[in-house]
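Novice: Would you mind keeping the following structure in view while I ask a few things?
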Amino acid sequence: MPDGGSTGIGASVKRKEDYRFLVGQGNYTDDINRPNQTYTYMLRSSSAHAKFSLDITKASEADGVVKIFVGTDMDVGSIPCGWQVDSKDGTPMREPAHPPIAKDKVRYVGEIIAVIIAETLEDAKNAAELIDVNYEDIPVIIDMQEALNNANGLVHDEIESNVCYDWEIGDSEAVDKAISEAAHITTLDVRNNRLIPNAMETRSAIGDYEHSTGQYTLYTTSQNPHVIRLLMGAFVLGLPEHKLRVIAPDVGGGFGSKIFHYAEESIVTWASNQIRRPVKWTSDRSEAFISDAHGRDHVTSVKLALDKDGKFLALKVDTLANMGAYLSTFASSVPTYLYATLLAGTYTTPAIHCNVKSIFTNTVPVDAYRGAGRPEATYLIERIVDKAAREMGISQVDIRRKNFIPVDAFPYQTPVALQYDSGNYNATLDAALKKADYDGFEARKAASAKKGMLRGIGFSTYLEACGIAPSAVVGSLGARAGLFECAEVRVHPTGSVTVFTGSHSHGQGHETTFAQLVSEKLGISTDMVEISHGDTNNIPFGMGTYGSRSLAVGGEAIVKAMDKVIAKAKKIAAHIMEASADDIELNNGNFEIAGTDKSMSLADISLAAYVPHNYPHEELEPGLDEKAFYDPLNFTYPGGCHICEVEINPNTGEVKVEGMTAVDDVGKVINPMIVEGQIHGGLAQGIGQALLENAAYDSNGQLLSGSYMDYAMPRADNFVDFKVGNEVTLCTHNSLGVKGCGEVGAIGSPPAVINAVVDALSELGVDDISMPATSEKVWSAINNAKNKN
Amino acid sequence: MYDLQYSKPSSVNDAVAEIKKSSDAKFLAGGMTMIPTLKARLSSADMLVDLKGSNLSYISVSSSEISIGSMTRHCDVASSSDIKGSLPALAKLAGGIGDHMVRSCGTIGGSLANNDPAACYPSAVLALGATVVTNERSLKADDFFEGMFETALNEDEVITEVKFSIPEKATYIKFPNPASRYAMVGVFMVKKSDGISVAVTGAGENGVFRCEEIENVLNLNLALDALNNIQISHDDLTSDMHASAAYRANLIREMAKQGLKDLI
């Protein structure tokens, strides 16, 4: 029996999946080719808002063209939104129709207006150039404030406003009262900049209809193939599950952008039946900029009321959230239930109110991106806490300590619906202060000043919510799906194990982490465990991977299935060893009769289960293969402290990150190396948002930052060595005690970076800088402050 | 990319003969700009005539002059011990272009012929008063650059060599665009026996230019603090989503201030 301990929980097992990726043997959607396959090019609108007509006559006759489809050809359902949010007056959100191919009106640059299917991609592209498109431009709606006033008309004529919903949470009266009586009020206007997700692998999809069986297969770059099967099958194409197989093979990153059901998936699936040949589409990088759902894009006014000692009394938040031109799959939930419910942060603020108006504009749809709502909430909380501290002459550390939810207050009910189960915010703060050498900051600042440089330090003591759940609660809040997870654990006759999980790995390392759970629980090495995911025909069911839910929800489902395996194995062992099942104990992979030296290995038992010659047939079915669904009792609540230190050249405004410390409480850690990698990636994206990245539109609705020439992706030399640490409190409502680590880096870090920049500039009188804090913005702020003084 | 033919002649003469054969042929000199534009269908050619086989990759250094073949790659200039010894600013400039992949393919001739307003090499050529040698003639740097993406090159004319006379001192200071890493502002400064010359890339609406405001001040007073209070006019400077003309004017001064330390 191999020793499972060395590959169990807490071991930094090297990632099992990396070998195939590193030797170029990954199997991504674009690596897949079907016999007799065609290629499609999506002709996309170059106008942000226009009535249009097109002439495909010449293009249809071009070399290699198999078929060209336009919007009116594709008579299918509307692309659905997965979450209904009701306005505060009780009316449901406005859901304008979202056809996969625009019919007669386009609403953003990048919207599909024709689908050219040809023998080669080049043929399709050549034909696309022969399509005559006639645009009759309509005034473009970009600015959310203008959209709110219908200043330039409507994005959707069939709804009477550009407002999707006007939603609120919290006690507005209590907040107003607290504000009117408070000793101090701090106000802040923030913009959470729009981001482009930039997964390393661009999206791709192959539709493959088999006429003889009526079976559809969709290969797609998805984080949740079962969800795509449901959304596309039930709502868009009207295909039943048993005739629709969705395969998401190796997927090269998603960050949320591959959760959603996109038009291209419906188009290739539908078209493969129309032309009776497989249809392949792969996005190029430029196309990804204008067709992958964007992230963030909030404009918010915040008010924080404090008593004379700096204790928070109330928080008032008013947000405009950009939806883009159509509702993407989870767009409506991001600025509401994944955002405003987080506004207590790590603090005891007794009264909170948040109003969110979500707005349609002539831009690419906006949806979840690493953190999804929680970075937006964290950003405004941590920024205004900092500003309040500065105004009241309290230190950045003290104001946080004063207001932290104390360790003995858990479970803690916030005024915005959530109930936190565990956390220790002083512990993560203390550890981070030490790791960041906070005590040495003043000396480092003096050394910078000597060189003529400004130095600042910024904090973020954030909290987030992972593993969005339970189904009954999210259902009452408008979710149109359950948020459980499913797993099947199959012990093979000779004792190796395949786990079928509804979670989907697209970079997270599930094939390793989940194998470690099996190793720990069943006492076998991870080499004996295979993790299977991403195919609706293999996996019983799945809700997929997003919101840092895979371990807390998907992992628990695996544990639950393993518990069933163990229970059955004990009965088999009891029968064979002629003992009572109650007396069988599982120790390091051995099923032992307590108090004796008699034992059976898992392999002995599984062989008996599949070769059931001596077997309790009257009590048990043969085989050792168990399935479980797990619906969590609550969210999990990771939190922690991020500290950023920057040095600024006042002559150029250039900001250099000199220190980045993250001490997080992500609950029990299964694989420390993988967790550290996740934190690093999140920090990179968080710092990218704070200093570099910005999806900018001009007033005509053209994306200015439409390539890497203009969209500033962070690179290694923008960073320093990250100092990462853990302070664990266990999640109290799952068996593993795990919380989630996928998003904390991106959630916690942006305000720490901006607070550091503001701290460096504060001696000049600067109290705000917007994201991204580009060198010109910083230089201008310095100049403006100098001119004022 | 549209369908096209590819040829790799073994001499400059053959290359010119080849390009004259078709109406829409283009020279390929590294391709670090050309290939992406072709792939994105932003430009087209019926024939690419690759200059890689034409024996134009070499570096030769004498006591007064450096001659660089037009197909010499950035990485070769960056790592040349001769150039590092006699004109280190040029090696530094080449070593700061793009990434490893770009430096391993991109060439000095390709960069000059394209004359991207944010490319690094044009500033060195202009500030050093280099000579651009073609298959037809020799062009003075002042006469070579004719505005954004425009040069004095005739159709079917090929740059074969660039000649730099070795100055007393030179330096290149670049403030990279955070997205593209091209120069948001790049300042090449030269001290020669007859005075100071300063060329700026990345900032001019008409491409690379000589900055007389800085040259005049430094020719009168080559001192570390000489530029502290100078105001650079931003009349002909570029404004875009990354930097306003005013900010670019500031960066020109700040980069020049940094460079000054290397000239004194």
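Here, each number is a calculation from the coordinates, and none is a lab measurement. Here the structure is a predicted model, which means the values were calculated and not measured. Cβ: placed from backbone, ideal geometry, glycine included. Neighbour counts: every protein chain shown.
Novice: Starting from the Cα gyration tensor of segment A:665-789, multiply each eigenvalue by 5, take the square root, and state the resulting semi-axes largest first in whole Å.
Specialist: Details: eigenvalues 227, 78, 32 Å².
Square roots of five times the eigenvalues give 34, 20, 13 Å.
Novice: Among A:Phe52, A:Val76, A:Gly90, whose Cα projects farthest towards the positive end of the dipole of segment A:31-93, with charges put on the beta-carbon of Lys, Arg (+1) and Asp, Glu (-1)?
Specialist: The residue sitting farthest along the positive end of the dipole is A:Phe52.
Novice: A further question on this structure: How large is the direction-averaged shadow of the alpha-carbon convex hull of segment A:71-133, in nm²? Spell out each step's value before the answer.
Specialist: Numbers: hull surface 25.0 nm².
Taking the Cα atoms of segment A:71-133, their convex hull projects to 6.2 nm² on average.
Novice: Sticking with this one: Could you work out how far apart the two model spin labels at B:Lys261 and A:Asp527 are, taking each label as a point 7 Å from the Cα in the direction of the beta carbon, and quote it in nm?
Specialist: 5.6
Novice: What number do you get for segment A:136-215 when its Cα radius of gyration is normalised by 2.2 N^0.38 Å, N = residues?
Specialist: Details: Rg = 23.0 Å, N = 80, 2.2 N^0.38 = 11.6 Å.
Rounded to two decimals, the normalised Rg is 1.98.
Novice: Rounded to the nearest 5, what % of DSSP beta bridges with both residues in segment A:198-291 are antiparallel? Walk me through the intermediate numbers first.
Specialist: Working: 10 of 14 bridges.
Taking every DSSP beta bridge with both residues in segment A:198-291, the antiparallel ones total about 70 percent.
Novice: Order by neighbour count: A:Leu551, B:Leu153, fewest other Cβ atoms within 10 Å first, most last. Before the final figure, lay out each step's value.
Specialist: Values: A:Leu551 34, B:Leu153 19.
Ascending Cβ contact count within 10 Å gives the list B:Leu153, A:Leu551.
Novice: Using DSSP loop states and a limit of at most 16 other Cβ atoms within 10 Å to flag chymotrypsin sites (Phe, Trp or Tyr not before Pro), what is the longest stretch of chain A containing no flagged site?
Specialist: The segment A:1-707 is the longest one with no such site.
Novice: Distance between Cα centroids, segment A:245-296 to segment A:464-517: provide it in whole Å.
Specialist: 23
Novice: Would you please report the Å³ per residue occupied by the convex hull of the alpha carbon atoms in segment A:622-713? Display every interim value, and only then the final one.
Specialist: On the way: hull volume 23.1 nm³, N = 92.
Roughly 251 Å³ of hull volume per residue.
Novice: Measuring from centroid to centroid over Cα atoms, what is the spacing of segment A:430-460 and segment A:574-601 in Å?
Specialist: 59
Novice: Continuing with this model, one more query. In whole Å and largest first, what semi-axes does the C-alpha gyration tensor of segment A:503-566 yield when each eigenvalue is scaled by 5 and square-rooted? Show your work: numbers first, answer last.
Specialist: Values: eigenvalues 67, 34, 28 Å².
In descending order the semi-axes read 18, 13, 12 Å.
Novice: Something else now. So what's chain B giving for Cα Rg divided by 2.2 N^0.38 Å, two decimals?
Specialist: On the way: Rg = 18.3 Å, N = 264, 2.2 N^0.38 = 18.3 Å.
My calculation over the Cα atoms of chain B gives 1.00.
Novice: In addition: Looking at the P(r) of segment B:5-53, how many percent of alpha-carbon pairs lie beyond 18 Å?
Specialist: On the way: 281 of 1176 pairs.
Percentage above 18 Å: 24.
Novice: Can you put A:Leu418, A:Leu380, A:Leu230, B:Leu251 in order of Cβ neighbours within 10 angstrom, beginning with the fewest?
Specialist: Details: A:Leu418 19, A:Leu380 27, A:Leu230 22, B:Leu251 31.
If I rank by nearby Cβ atoms, fewest first, I get A:Leu418, A:Leu230, A:Leu380, B:Leu251.
Novice: Fewest to most neighbouring Cβ within 10 Å: what's the order for A:Val778, A:Val302, A:Val163? Write down the numbers at each step before the final one.
Specialist: Numbers: A:Val778 25, A:Val302 22, A:Val163 19.
The order, fewest Cβ neighbours first, is A:Val163, A:Val302, A:Val778.
Novice: While we're here: Taking the inverse of the average 1/r across all pairs of different Cα atoms in chain A, what Kirkwood radius in Å do you get?
Specialist: Working: mean 1/r = 0.0361 Å⁻¹.
Result for chain A, one decimal place: 27.7 Å.
Novice: Still on this structure: Can you find, among A:Ile572, A:Ala552, A:Leu586, the residue sitting farthest towards the positive end of the charge dipole of segment A:550-590, where Lys and Arg contribute +1 and Asp and Glu -1 at Cβ?
Specialist: Farthest along the dipole direction, towards plus: A:Ala552.
Novice: Apply the Debye scattering formula to segment B:169-263, with a single equal point scatterer on each alpha-carbon and no solvent, then give log10 I(q)/I(0) at q = 0.14, 0.16, 0.20 Å⁻¹.
Specialist: Results for segment B:169-263 at q = 0.14, 0.16, 0.20 Å⁻¹ read -0.45, -0.58, -0.90.
Novice: Could you tell me how many cubic angstrom of Cα convex hull volume segment A:229-332 has per residue?
Specialist: Values: hull volume 18.8 nm³, N = 104.
That works out to 181 Å³ per residue.
Novice: Right, another one. How many percent of DSSP beta bridges within the protein assembly as shown run antiparallel, rounded to 5?
Specialist: On the way: 138 of 172 bridges.
Counting only bridges with both partners in the protein assembly as shown, antiparallel ones make up about 80 percent.
Novice: Please get the size of the charge dipole for the protein assembly as shown, origin at its Cα centre, with Cβ charges of +1 on Lys and Arg and -1 on Asp and Glu, quoted in debye to the nearest 20.
Specialist: 1440
Novice: In whole percent, what relative contact order does segment B:59-165 give with Cα contacts below 8 Å and a gap of six or more residues? All intermediate terms of the calculation are to be shown ahead of the outcome.
Specialist: Numbers: 182 pairs, mean separation 31.6, N = 107.
With pairs under 8 Å counted, the relative contact order is 29 percent.
Novice: Another question about this same structure. Considering only B:Leu237, B:Met189, B:Gly147, whose Cα is most displaced toward the positive end of the charge dipole of chain B, charges sitting on Cβ of Lys, Arg (+1) and Asp, Glu (-1)?
Specialist: B:Met189
Novice: Give me the Å³ per residue figure for the convex hull around the C-alpha atoms of segment A:412-514.
Specialist: Details: hull volume 25.2 nm³, N = 103.
Cα convex hull per residue, to the nearest whole number: 245 Å³.
Novice: To continue, here is another question. Once the Cβ-Cβ distance between A:Asn614 and A:Gln419 is put in as r, and R0 is 56 Å, what FRET efficiency do you end up with, to the nearest 0.05?
Specialist: Numbers: r = 51 Å, r/R0 = 0.91.
My answer for the efficiency is 0.65.
Novice: To continue, here is another question. Can you check what the Kirkwood hydrodynamic radius comes to for segment B:59-165, Cα pairs only, in Å to one decimal?
Specialist: Details: mean 1/r = 0.0736 Å⁻¹.
That comes to 13.6 Å for segment B:59-165.
Novice: Continuing with the same structure: Once you keep just the Cα pairs under 8 angstrom separated by 6 or more residues, what percentage relative contact order results for chain A?
Specialist: Value for chain A: 16 percent.
Novice: So if I place +1 on the C-beta of Lys and Arg and -1 on the C-beta of Asp and Glu, and nothing else carries charge, what would the dipole magnitude of segment A:384-494 be about its Cα centre? I want it in debye, nearest 20.
Specialist: Values: 14 positive and 12 negative charges, 132 e Å.
Here the size comes out at about 640 debye.
Novice: So how much slack lies between B:Leu42 and B:Ser81, counting 0.36 nm per residue of separation and subtracting their Cα-Cα distance, in nm? Present the calculation step by step, with values, prior to reporting the outcome.
Specialist: Values: separation 39, 0.36 × 39 = 14.04 nm, distance 3.84 nm.
Separation in residues times 0.36 nm, less the Cα-Cα distance, equals 10.2 nm.
Novice: Stretched out fully, how many nm does the piece from A:Lys402 to A:Asn36 gain, at 0.36 nm a residue minus the Cα gap? Write down the numbers at each step before the final one.
Specialist: Details: separation 366, 0.36 × 366 = 131.76 nm, distance 6.74 nm.
Taking A:Lys402 through A:Asn36 to full extension adds about 125.0 nm, to one decimal.
Novice: Would you mind estimating how fast segment A:183-222 diffuses translationally, via Stokes-Einstein at 37 °C and 0.692 mPa s with the Kirkwood radius over Cα pairs, in µm²/s? List each step's numbers first, then the result.
Specialist: On the way: Rh = 15.2 Å.
Here the translational diffusion coefficient equals 215 µm²/s.
Novice: Could I ask something else about it? D for segment A:194-274, whole µm²/s, Stokes-Einstein with Kirkwood Rh over alpha-carbon pairs at 25 °C and 0.890 mPa s: what number? Walk me through the numbers before you get to the answer.
Specialist: Values: Rh = 12.8 Å.
Rounded to a whole number, D works out at 192 µm²/s.
Novice: Along its three principal axes, how long is segment A:106-254 when you only count alpha carbons? Whole Å, largest extent first please.
Specialist: Dimensions of segment A:106-254 along the principal axes of its Cα atoms: 74, 40, 33 Å.
Novice: As a test of the formula, what do you get for chain A when each DSSP H run with n ≥ 4 contributes -39,500 (n - 2.57) and the sum is divided by the residue count, at 222 nm and rounded to the nearest 500 deg cm²/dmol?
Specialist: Values: 19 runs with 208 residues, N = 789.
Estimated from H runs of four or more residues: -8000 deg cm²/dmol.
Novice: A further question on this structure: Across 10 Å bins from 0, what is the distribution of all Cα-Cα pair distances for segment A:274-427, in whole percents?
Specialist: Over segment A:274-427, the share of Cα pairs per 10 Å bin runs 10, 33, 28, 16, 8, 3, 1, 0 percent.
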